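The values are calculated or read from the model by the stated rules, or taken from the named source; none is laboratory data. Predicted, not measured: the structure shown is a model, and the values here were computed from it. Positions of Cβ are backbone-derived with ideal geometry, glycine not excepted, and every protein chain shown enters the neighbour counts.
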Amino acid sequence: MSAAEGLEADGAAPRLRVLHLSSSNVRGGAEEHMLTLLRGLDRKRFQLYLACTPGLLPQLSDLPADVQVEACAPRQPWQVGTGWRLRRWLHAERIHLVHAHLSFASRAAAPWVKLAHWPLLVETPHVCEHWRRGWRRSAWLDRTAGRLVDRYIAVSGANASYLQREKGLPAHKIRTIRNGVDVARFDRCRCQPSDPRASLGIAPGEMLLVCAARLEPQKGHAVLLEAIARLPRRRGPKLRLVCLGEGRLRHQLQLQAQQLGLGETVLFPGYCPQIEAWLAVADIFVLPSLYEGLPLSVMEAAAAGCAIVATAVDGTPEVLADGGDGLLVPPGNPEALGQALLRLMADAGLRQALGERARQRAREEFDQARQIAATSALYLELGHVRAARRRRVPAAPCRPPAMGGERG
């Protein structure tokens with residue numbers, strides 16, 4: 001076996017070649033998760049690659065310069081041209097591991113990964129897909145494609161339970177590694193804020209609500225707009241809602257805002273890479289998702305010390321304790337969402353107290369160093385599994401690394 005074919009037990013072997021793969025055309029939480037790893041993984045241990053769509057590539061201007069990139073991520077398994085380019089690149093570079101983000105990317109790439117012979121396949125599904133109905137809900141396709149997946153990374157306890165109980169995926173393939181954020185980045189912005197409000201004509205004294213999420217059905221923007229429209233007329237500072245993000249619902253949501261009489265209240269500036277600047281000046285952060293995995297934007301808002309209102313879905317209660325460091329409401333309920341917003345808008349002391357407790361929790365639990373270390377350990381473990389398979393000898397038992405400090 002050549003030195004490139006696996007890791008040696010004494011650690012003297014070459015770096016593990018890891019390719020991250022995204023089939024999305026829009027930058028969202030899954031892509032931020034991916035970029036956290038591409039920035040933070042130890043270059044002495046890993047050589048990093050990225051396969052993505054041509055639509056996503058221009059949105060990744062902050063990708064580390066040493067990551068080799070190809071726009072060859074298929075969106076469907078039958079995209080032969082793109083799939084064959086991916087297979088050829090994997091084989092030429094002798095990639096050891098492919099880490100696919102979101103289940104549809106994994107299903108699309110899995111046949112081509114296996115045709116390359118070299119890599120193992122890791123999938124991070126990121127969300128609990130409660131939107132699935134009918135024959136899709138049965139998850140038979142996931143279980144079938146899952147035969148080609150070597151490990152799943154669940155981003156929350158709720159996500160791990162969903163993969164095992166609802167999708168019926170084997171427990172021994174699932175590893176829980178919670179998302180993390182760069183807490184120091186948001187601390188720095190609190191100390192030296194760069195105020196972006198003037199760019200949208202928002203006065204410093206106005207009540208500012210920020211929602212950072214892809215403009216997709218999952219994120220529940222339509223419910224948020226309905227909640228804002230139902231708020232009683234109020235005295236005091238003018239209310240503004242800034243929806244940061246891009247997606248296929250942009251025009252539909254803009255039309256809904258106009259029809260609800262919110263044309264001057266709700267702004268859609270698009271994707272913003274400097275979310276910390278908005279969080280530093282926001283009065284309230286709101287995320288009305290209908291389903292989630294473990295929402296990075298809520299973790300970022302917590303790290304920034306924002307008062308937060310979010311829906312109690314999937315992994316979100318693992319980030320936010322209702323009444324302790326934020327407010328949680330049922331999904332799809334504009335009345336409850338509006339009441340929670342009203343409560344915070346009327347009480348500056350409560351906003352400050354919740355924000356400070358959220359920031360403290362983020363410091364203690366959400367730092368990205370834990371996510372990077374746990375993912376690195378899994379990659380190295382799989383490197384040994386792969387080397388053992390190629391030598392046709394049994395691999396050592398798979399033991400999860402210690403994840404001290406996590407809740408539940």
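The residue of the stretch 310-346 that is surrounded by the most Cβ atoms within 10 Å (Cβ to Cβ), among those that are of a type in the set (D, E) and modelled with pLDDT under 95, is D314. Within the stretch 28-67, restricting attention to residues that are under 16 Å from the mean Cα position of the chain (by Cα) and acidic (D, E), the residue that is surrounded by the most Cβ atoms within 10 Å (Cβ to Cβ) is E31. Do we have any residue at all in the stretch 252-269 that's under 18 Å from the mean Cα position of the chain (by Cα), surrounded by 18 or more Cβ atoms within 10 Å (Cβ to Cβ) and either more than 26 Å from D325 (Cα to Cα) or at pLDDT 95 or above (or both)? No: the stretch 252-269 contains no residue that is under 18 Å from the mean Cα position of the chain (by Cα), surrounded by 18 or more Cβ atoms within 10 Å (Cβ to Cβ) and either more than 26 Å from D325 (Cα to Cα) or at pLDDT 95 or above (or both).
Quick grid of which residues meet (1) over 19 Å from C272 (Cβ atoms); (2) assigned by TED's automatic domain parsing to the domain that holds A346; (3) touching a Lys or Arg at 6+ places or on another chain (Cβ under 8 Å):
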site	(1), (2), (3)
G236	yes, yes, no
L239	yes, yes, no
E246	no, yes, yes
L249	no, yes, no
L253	no, yes, no
A257	no, yes, no
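Summed over the stretch 266-296, the residues that are part of a loop (DSSP other than H, G, I, E, B) and either of a type outside the set (S, T, N, Q) or outside the structural domain of R230 (by TED's automatic domain parsing) (or both) give a count of 12.
Keeping to the stretch 256-300, report how many residues are under 22 Å from P330 (Cβ atoms) and aromatic (F, W, Y). So the answer is 2. Summed over the stretch 271-290, residues that are touching a strand residue (DSSP E or B) at 6+ places or on another chain (Cβ under 9 Å) and of a type outside the set (A, V, I, L, M, F, W, C) total 4. So is H126 over 17 Å from A51 (Cα atoms), assigned to a helix (DSSP H, G or I) and in contact (Cβ under 8 Å) with a residue 12 or more places away in the chain or not? Criteria not met by H126. Of the numbered criteria (1) closer than 21 Å to P295 by Cβ; (2) buried (at least 21 other Cβ atoms within 10 Å of the Cβ), the one E226 fails is (2). For the stretch 186-206, indicate whether the set of residues that are surrounded by 22 or more Cβ atoms within 10 Å (Cβ to Cβ) and either at pLDDT 95 or above or closer than 27 Å to E364 by Cβ (or both) is non-empty. So far as the stretch 186-206 goes, yes, one or more of its residues are surrounded by 22 or more Cβ atoms within 10 Å (Cβ to Cβ) and either at pLDDT 95 or above or closer than 27 Å to E364 by Cβ (or both). Might you check whether a residue that is in contact (Cβ under 8 Å) with a residue 60 or more places away in the chain, within 17 Å of P273 (Cβ to Cβ), small (G, A, S) and touching a helix residue (DSSP H, G or I) at 6+ places or on another chain (Cβ under 9 Å) occurs anywhere in the stretch 169-191? The answer is no; no qualifying residue exists.
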